[in-house]
Amino acid sequence: ISHSASVVPARTAFLFNVSVANIDQCLDKLRANGKFFTSQESIRSYVDSIDKKHKFNLRQLMTNWNKKEIALAITEPGSMSLENNTYALIRTENTADAIKSLEKIQVAAGKLKGNEKYRSHTISNINLNSIVPLFYGNLFIDIQQTYFTVVKDFVVFANSPTVLKSLIDDFEDKKVLDKETDYLSHLTRSVLTSQINVYFN
């Protein structure tokens, strides 16, 4: 069952989520398809160079905490560019484990700026670009920066702290998608426990 609609804003225009029993197995199958992932040869070389430079296993640190669901959310755009309206949501097995793994990347690779507290959420960042699409697919290609926070049991990535604050405001003010009539109508047609689900408003 998808949980991402309980986190994304009510003003979400597009939500694509993959909710399956084994998300890693699903992603491994998609990696063979060039439309979903960049060439694995070039990725392997790039990741190996990062691992060697920072002395860690980036793929493991970015994926060992995920749980059953990944989602792309795009809110109503204010311009033709989607970089300030796009979110990647990765559901976690354990939020503390997720943050611990991401902090290991931060320590080794550095931060663009310090952590920031906002409405009881910590917004942080990693000084590595494009690592979300690298491990979760070209679906997230518009997320070039690596700012993140935790909302419920999701790690949410976006391009800037401002974009994350906007989502946090809507979440804390209970303006989330799973309370919208249109989405609830859409949800009644979703009967499978494992699914790829697209909601378009």
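The values are calculated or read from the model by the stated rules, or taken from the named source; none is laboratory data. These numbers come from a predicted model, not from an experiment. We place every Cβ from the backbone using ideal geometry, glycine too, and count neighbours over all the protein chains shown. Heavy atoms of the whole protein, side chains included, go into the accessibility calculation; ligands, DNA and RNA do not. Shrake-Rupley method; radii C 1.70, N 1.55, O 1.52, S 1.80 Å.
Return the residue satisfying two criteria in turn: it lies in segment 67-95 and is modelled with pLDDT under 85 and aliphatic (A, V, I, L, M), and of such residues it is farthest from the chain's Cα centre (by Cα).
Looking at residues that are modelled with pLDDT under 85 and aliphatic (A, V, I, L, M), I get 80.
Within segment 32-50, work out how many residues are touching a residue at least 12 places away in the same chain (Cβ under 8 Å) and either in a helix (DSSP H, G or I) or open to solvent by less than 30 Å² (accessible area, probe 1.4 Å) (or both).
At the first step, the residues of segment 32-50 found to be touching a residue at least 12 places away in the same chain (Cβ under 8 Å) are 35-38, 43, 46-47, 50.
Now restrict to residues that are either in a helix (DSSP H, G or I) or open to solvent by less than 30 Å² (accessible area, probe 1.4 Å) (or both): 37, 43, 46-47, 50.
Matching residues across segment 32-50 total 5.
Is there a residue in segment 83-91 that is open to solvent by 30 Å² or more (accessible area, probe 1.4 Å) and touching a helix residue (DSSP H, G or I) at 6+ places or on another chain (Cβ under 8 Å)?
The first filter runs over segment 83-91 and keeps only residues open to solvent by 30 Å² or more (accessible area, probe 1.4 Å), leaving 83-84.
Cutting the leftovers down to touching a helix residue (DSSP H, G or I) at 6+ places or on another chain (Cβ under 8 Å) gives us 84.
Yes: segment 83-91 contains one or more residues that are open to solvent by 30 Å² or more (accessible area, probe 1.4 Å) and touching a helix residue (DSSP H, G or I) at 6+ places or on another chain (Cβ under 8 Å).
I'm checking my understanding of the structure. Among residues of segment 1-22 that are part of a strand (DSSP E or B) and of a type outside the set (S, T, N, Q), which one is modelled with the highest pLDDT?
Residues of segment 1-22 part of a strand (DSSP E or B): 9, 12-19.
Those left that are additionally of a type outside the set (S, T, N, Q): 9, 13-16, 18.
Numbers: 9: 95, 13: 91, 14: 92, 15: 92, 16: 92, 18: 88.
Looking at residues that are part of a strand (DSSP E or B) and of a type outside the set (S, T, N, Q), I get 9.
So residue 127 passes all but one of these: (1) without any contact (Cβ under 8 Å) to a residue 24 or more places away in the chain; (2) buried (at least 20 other Cβ atoms within 10 Å of the Cβ); (3) of a type outside the set (A, V, I, L, M). Which condition number does it fail?
Looking at each condition in turn, residue 127 falls short on (2).
(1) over 18 Å from residue 60 (Cβ atoms); (2) out of contact with any strand residue (DSSP E or B) (no Cβ under 9 Å at 6 or more places or on another chain): which one isn't true of residue 128, the others all being true?
Failing condition for residue 128: (1).
Given the criterion free of Cβ contacts under 8 Å to residues at least 60 places away in the same chain, closer than 24 Å to residue 6 by Cβ and open to solvent by 50 Å² or more (accessible area, probe 1.4 Å), identify the matching residue among 68, 29, 53.
Working: 29 fails: closer than 24 Å to residue 6 by Cβ; 53 fails: closer than 24 Å to residue 6 by Cβ.
Result of the check over 68, 29, 53: 68.
All but one of (1) touching a residue at least 60 places away in the same chain (Cβ under 8 Å); (2) aliphatic (A, V, I, L, M); (3) farther than 22 Å from residue 26 by Cα hold for residue 198, so report the exception by its number.
Tallying (1) touching a residue at least 60 places away in the same chain (Cβ under 8 Å); (2) aliphatic (A, V, I, L, M); (3) farther than 22 Å from residue 26 by Cα, residue 198 fails exactly one: (3).
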